[in-house]
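Reading through the structure tokens given below for one structure.
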Amino acid sequence: MLKNIIIALRPKQWLKNVLVFAGAIFAEDLFVPHLLQYSVFAFIIFCMISGSTYLINDVMDRDKDALHPRKKFRPIASGKISVKTALLLAVVLIFMSLYSSFTLNWHFGVIIACYFITTLLYSLYFKHVIILDVIIIASGFMFRAIGGAFVINEQVSSWLIICTMFLALFFALNKRRAEIIALGDNAGNVRQTLLNYDLHYLDMMINIVTAACLMAYALYTLDPGTVAKFGTRNLVMTLPFVIYGLFRYLYLAYHLNLGETPETTLIKDKPILFCVFLYLVTVVIIIY
């Protein structure tokens with residue numbers, strides 16, 4: 001039972017919550033012990049609240065997940081975890097997350113509450129609305145980035161929000177594209193919005209978002225405010241890593257059709273992992 005509960009909480013998806021550390025990194029607070037501790041707490045809280053939303057979503061989608069070639073093995077869809085058990089655990093995690101977040105920081109608590117409400121609305125309605133479905137998914141990443149800044153009492157950078165939003169849309173759109181290819185004629189039965197998307201339309205949006213993501217990050221590194229904050233223009237030297245990372249992911253999504261599970265793709269692809277490692281090392285050296 002415990003193993004199935006852990007699987008239902010989707011620990012692989014917790015990789016998304018690493019984004020809360022972005023605020024500490026770019027605020028030059030990464031090596032401040034008590035602030036780093038707050039960021040770790042924020043990461044744990046996001047893991048709990050996101051886990052609760054995955055449970056609720058899987059309960060609602062259990063019939064459709066049963067038709068999916070991969071999702072049918074999820075604990076709730078396969079019947080390994082009862083609906084009652086899943087919902088009870090979700091309620092406990094929601095209470096723990098909200099209580100912990102408001103205790104930690106009032107502003108951070110509001111972000112957690114907004115994240116939960118938005119994700120719940122996605123499960124109830126917005127996942128059935130074309131375009132809004134991927135925007136709501138992207139907003140979840142935005143909440144993580146903002147929450148990571150709030151929890152250490154740092155001002156939220158507009159560039160952080162913009163870059164996070166475009167990057168999240170990049171992953172979400174590639175995910176939709178991979179789902180259409182993987183499910184084929186059965187796509188509409190598993191996810192209704194997939195009937196409204198087509199590969200050509202998704203390709204156009206992915207092209208736009210990829211270009212916007214690269215441009216936004218490039219402008220951020222050269223922005224006078226960024227240069228003044230860090231006292232250097234060298235942050236632009238990290239741009240090649242961002243370019244390679246996005247292009248490598250597009251290669252994996254288009255040539256190997258690995259875009260349906262971005263968290264797994266990012267963890268298992270060694271070139272991307274090495275690229276992310278070099279990017280983070282370079283950022284730390286330049287900023288600190």
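Odds and ends about this structure:
- Selection status of THR210, of a type in the set (S, T, N, Q) and within 18 Å of ALA172 (Cβ to Cβ): yes
- Residues of the stretch 172-182 include at least one that is in a helix (DSSP H, G or I), of a type in the set (Asp, Glu) and at pLDDT below 90.
- Test: residue in the stretch 72-83 that is of a type outside the set (Asp, Glu) and in contact with a Gly (Cβ under 7 Å, 6 or more places away or on another chain): no
For every residue, the table says whether it meets (1) out of contact with any strand residue (DSSP E or B) (no Cβ under 8 Å at 6 or more places or on another chain); (2) assigned by TED's automatic domain parsing to the domain that holds ILE286; (3) modelled with pLDDT of 95 or more; (4) assigned to a helix (DSSP H, G or I).
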site	(1), (2), (3), (4)
ASN186	yes, yes, no, yes
LEU194	yes, yes, no, yes
TYR201	yes, yes, no, yes
ILE206	yes, yes, yes, yes
TYR220	yes, yes, no, yes
ALA228	yes, yes, no, yes
THR232	yes, yes, no, no
VAL236	yes, yes, no, yes
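- When the stretch 31-42 is limited to residues that are under 13 Å from VAL151 (Cα atoms), of a type outside the set (Val, Ile, Thr) and surrounded by fewer than 20 Cβ atoms within 10 Å (Cβ to Cβ), the one that is modelled with the highest pLDDT turns out to be PHE41.
- Of all residues in the stretch 72-102 being free of Cβ contacts under 8 Å to residues at least 40 places away in the same chain and of a type in the set (D, E, K, R), the one that is surrounded by the most Cβ atoms within 10 Å (Cβ to Cβ): LYS72
- Scan of the stretch 253-269 for residues that are of a type in the set (A, V, I, L, M) and over 18 Å from the mean Cα position of the chain (by Cα), ordered by number: LEU256
- Taking the criterion of being within 16 Å of the chain's Cα centre (by Cα) and either over 17 Å from LEU194 (Cα atoms) or surrounded by fewer than 20 Cβ atoms within 10 Å (Cβ to Cβ) (or both), the residues of the stretch 150-169 that qualify are LEU160, ILE161, ILE162, CYS163, THR164, MET165, PHE166, LEU167, ALA168.
- Complete set of residues in the stretch 164-213 that are under 17 Å from GLY245 (Cβ atoms) and touching a residue at least 60 places away in the same chain (Cβ under 8 Å): THR164, PHE170, PHE171, ASN174, LYS175
The values are calculated or read from the model by the stated rules, or taken from the named source; none is laboratory data. Computed from a predicted model, the values in this text were never measured in an experiment. Neighbour counts run over all protein chains shown; Cβ positions are idealised from the backbone, glycine included.
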